[in-house]
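Nothing in this text is a laboratory measurement; each read-out follows from the coordinates by a stated rule. Everything quoted here is computed from the prediction, not taken from an experiment. In this analysis, Cβ positions are derived from the backbone assuming ideal geometry, glycine residues included, and neighbour counts consider all displayed protein chains.
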Amino acid sequence: LNAAPGRALRQRVRFLPAPAPGSGGAVELVAARVPVLADHPLVRGPRFRKLKIGAGHRLDVKASGVFVLGIGHGNKLLTDLYNCHLTKVYTVGGLFGKATDDFSDTGNLVEKTTFDHITREKLERILAVIQGTNQKALLMYSNIDMKTQEAYELAVKGLIRPMGKSPPIITAVRCLQFALPEFQLEIHCLHETQQYLRKMVHEIGLELKSSAVCTQVRRIRDGVFTVDDALPRTQWNLQSIQEAIRNCQLKVETELEKTLG
Amino acid sequence: QDGGSLRGAMAGVARRLLRRGLGVAAGPPSTRQLREADEAAPVFQYAGKAARRKDRVFVWGFSFSGALGIPSFVRPDAGCKKPRRIQPTPYRLETEEKISSAACGYGFTLLASNTRDITKVWGMGLNKDSQLGFQRSRRDQTKGYEYVLEPSPIPLPLEKPQQTRVLQVSCGRAHSLVLTDSEGVFTMGNNSYGQCGRKVVEDEIYSGSHLIHQLKEFDSRVVQVVCGQDHSLFRTKKGTVYACGWGADGQTGLGHYNITSVPTKLHGDIAGVNIVQVSSYGDCCLAVSDEGDVFGWGNSEYLQLASVTETTQVNVPRHLPFKIGKVKEAACGGTGNIVLTEEGNVFVWGYGILGKGPNLIETAVPEMIPPSFFGRSDFSPDIRVAHVRCGLSQFAALTNRGELFVWGKNLRGCLGTGRMEDHYFPWRVTVPGEVVDVACGVDHMVSMVRSFT
């Protein structure tokens with residue numbers, strides 16, 4: 001980054017003494033544009049000695065997926081994005097038949113159960129109930145008076161969302177794959193932690209009169225950033241990062257304007 | 001030399017002991033040990049392949065009339081517990097049989113089962129007009145109970161009690177109707193306006209009465225019975241509608257405003273039309289034909305029938321020319337009406353909290369409730385409303401996923417959402433199961449629910 005060509009040096013106008021033409025010996029002040037030497041890299045040293053990097057929404061050690069970082073001035077945008085309260089999308093993989101103490105497949109085994117009575121239909125019924133109760137929570141934690149006409153208008157469009165602190169809320173769930181004993185869910189949520197999602201998998205198992213552990217949590221969308229925008233391990237170099245920042249700038253700006261006004 | 005060989009022998013023994021595994025090495029269990037412990041763990045079975053979904057009944061609302069059927073709410077068992085006046089969220093009611101039909105009246109409830117056993121109908125709540133039949137009091141064998149606090153069997157005078165099945169029940173303000181498959185309709189309760197289908201007896205005392213009247217004279221088998229506030233409607237297999245009872249608002253639809261004490265056939269715009277559903281709860285009535293047309297008669301003070309007439313009482317069934325599509329089901333409330341079309345859209349009109357925000361108080365033309373309230377979105381586009389029901393000032397909608405949405409005036413907690421305020425748009429009721437059917441009353445509701453697994 002320091003080797004890249006920097007900005008052009010600042011210029012300023014100075015009145016320099018210069019010999020006047022013709023008068024021989026008398027000195028005149030002539031305006032001239034000269035570079036400010038205090039900005040020169042040989043005087044100042046390398047432009048970047050440390051970079052301030054901030055992280056967006058937390059991601060567990062055991063989870064994977066999109067992780068948003070802000071560099072330098074981008075950290076201010078991070079706080080704005082946090083205040084937008086946009087939903088995040090995860091793909092959660094689960095396994096029926098086991099229950100562990102930390103709800104993931106690497107924990108200590110608590111119980112093993114049968115699971116051959118579980119069908120896709122039963123799972124979808126449970127998911128519908130989860131969605132319904134969370135829908136109610138969405139309306140209740142949004143702190144809008146339900147008796148007003150504006151609340152009705154927002155509710156019709158589906159724009160009611162808690163704009164402050166709230167417990168984890170799941171806005172949508174659906175079953176992507178179902179092959180006993182494994183299953184995969186797509187979860188859209190707000191204000192959640194990955195451990196909460198693993199606990200939800202465990203509770204789904206309990207509700208179906210069996211048990212389940214979570215094998216995989218992968219974030220595929222964080223607000224406006226999707227897996228396509230994210231850089232994999234092989235692309236963690238300066239050029240790709242700069243390009244990615246440039247590509248996402250417009251998206252972030254429009255989203256912030258739309259939500260925060 | 002001896003010590004050396006002894007030490008060698010001791011070392012050899014120790015090594016052999018370790019090799020046999022009697023001396024276990026300490027430290028965290030290896031993956032192989034974990035896996036072996038995993039496989040050796042016992043497997044529990046909580047539900048087998050033949051596990052069936054259970055049918056349950058949930059009640060909520062005002063409990064002091066006994067209409068919820070839970071005596072401990074009115075008379076607590078333990079001395080320290082306080083009586084519960086209102087049950088704001090669904091509470092499970094234990095029943096002996098699977099309940100197939102339920103109806104809520106004005107302060108009382110009827111539950112009916114499809115069984116061939118002798119006891120087919122249970123009633124609870126207000127019994128001051130014997131709308132729950134005669135409930136013999138245990139303290140005084142000659143008198144009956146005025147308030148029945150738990151579901152008590154109603155003795156129906158059936159000819160073949162072990163063969164007849166009860167299909168449906170319906171409750172009005174102070175009377176109730178029971179529909180059987182082969183023995184006609186049984187009516188009980190108040191008959192001061194002839195709503196029980198028998199001649200009005202002057203100064204009849206209804207409290208503690210044993211009289212249950214049987215109605216059999218219709219042109220074909222009765223397939224649906226509906227109670228309005230003080231009148232009764234009967235729909236037969238041929239698609240005709242009969243009515244009896246109070247008619248001052250024209251709710252009997254017989255062309256006059258007098259009392260009718262014998263079920264009489266309705267004509268007007270429904271003559272010759274095959275009616276597939278009738279509905280009433282207050283003083284207005286709606287009927288749906290097999291072609292999706294809606295007919296209405298009765299009270300129109302709240303603009304229920306204002307689309308066809310300016311008068312406030314209509315005593316002859318009139319066709320309501322709504323351009324909303326083919327209507328599948330209709331429900332009447334006290335001041336508002338609701339219909340469900342074939343596409344699964346819900347339309348409301350009338351007066352009161354109609355479900356489109358606090359600004360819509362009255363309308364004569366049906367307005368659609370946006371389907372996004374019932375859960376329909378890009379994520380789940382195939383959610384449809386399957387049934388609509390009406391209480392006196394509340395509305396209820398059931399979706400095809402088994403979710404119950406309610407809105408309207410929250411009188412004494414009857415909406416069941418847990419909040420005591422009125423709801424101006426559809427709000428989900430959290431029930432631990434898939435809701436199959438719901439019956440709405442004035443201040444309480446009963447739902448029939450199937451468990452998830």
Global form of region A:53-260, assessed from the alpha-carbon gyration tensor, a/c cut-off 1.5: oblate
Per-residue average of Cβ from other chains inside 10 Å of B:44-54: 4
Listed peptides B:356-366, B:162-172 by packing density, highest first (mean Cβ within 10 Å): B:162-172, B:356-366
Dipole in debye (nearest 20) - region B:83-227, about Cα centre, beta carbon charges: Lys, Arg +1; Asp, Glu -1: 340
Whole-Å semi-axes of the ellipsoid equivalent to the protein assembly as shown (Cα gyration tensor, √5λ, descending): 68, 42, 20
Antiparallel DSSP beta bridges within the protein assembly as shown, as percent of all bridges there, nearest 5: 95
Zero-based 10 Å bins, Cα pair distances in region A:1-121, whole percents: 9, 17, 16, 16, 12, 9, 8, 5, 3, 3, 1
At q = 0.12 Å⁻¹, base-10 log of I(q)/I(0) for region B:141-219 (Debye sum, equal scatterers on each alpha carbon): -0.38
Contour excess over end-to-end distance, with Cα ends at A:V30 and A:D102 and 0.36 nm allotted per residue: 18.2 nm
Cα-projected label distance for A:C84 with A:K136, points at 7 Å along beta-carbon direction, nm: 3.1
FRET efficiency estimate (nearest 0.05) - Cβ-Cβ, B:K54 to A:V61, R0 60 angstrom: 0.90
Signed unit charges on C-beta, dipole axis of chain A, positive-most listed residue A:L1, A:S64, A:L109: A:L1
Equivalent ellipsoid semi-axes, region B:72-117, via Cα gyration tensor eigenvalues times 5, rooted, Å: 26, 14, 10
Rounded to the nearest 20 debye, dipole of region A:53-260 from Cβ charges on Lys, Arg, Asp, Glu: 80
About the Cα centre, charge dipole magnitude for region B:22-157 (Lys/Arg +1, Asp/Glu -1 at Cβ), debye: 240
Net length gained if the chain between B:A78 and B:S377 were fully extended (0.36 nm per residue, minus Cα distance): 102.8 nm
Chain B: Rg to Rh, with Rh as the Kirkwood radius over Cα pairs: 1.24
Formal net charge of residues neighbouring B:E434 (Cβ-Cβ distance under 14 Å; K, R +1; D, E -1): +3
C-alpha center-to-center spacing [region B:376-446, region B:139-208] in angstrom: 29
Shielding by partners - mean other protein chain Cβ count within 10 Å, residues of B:28-40: 1
Per-pair calculated FRET efficiency, R0 = 56 Å: A:L238 and A:R14 via Cβ, rounded to 0.05: 0.95
Loop-located GluC sites (Glu not before Pro) in region B:171-212 whose Cβ has at most 15 other Cβ within 10 Å (DSSP): B:E202, B:E204
Net charge of neighbours whose Cβ lies under 14 Å from the Cβ of B:G197, counting Lys and Arg as +1 and Asp and Glu as -1: +2
For residues of B:153-166, the mean tally of beta carbons on other chains within 10 Å: 0
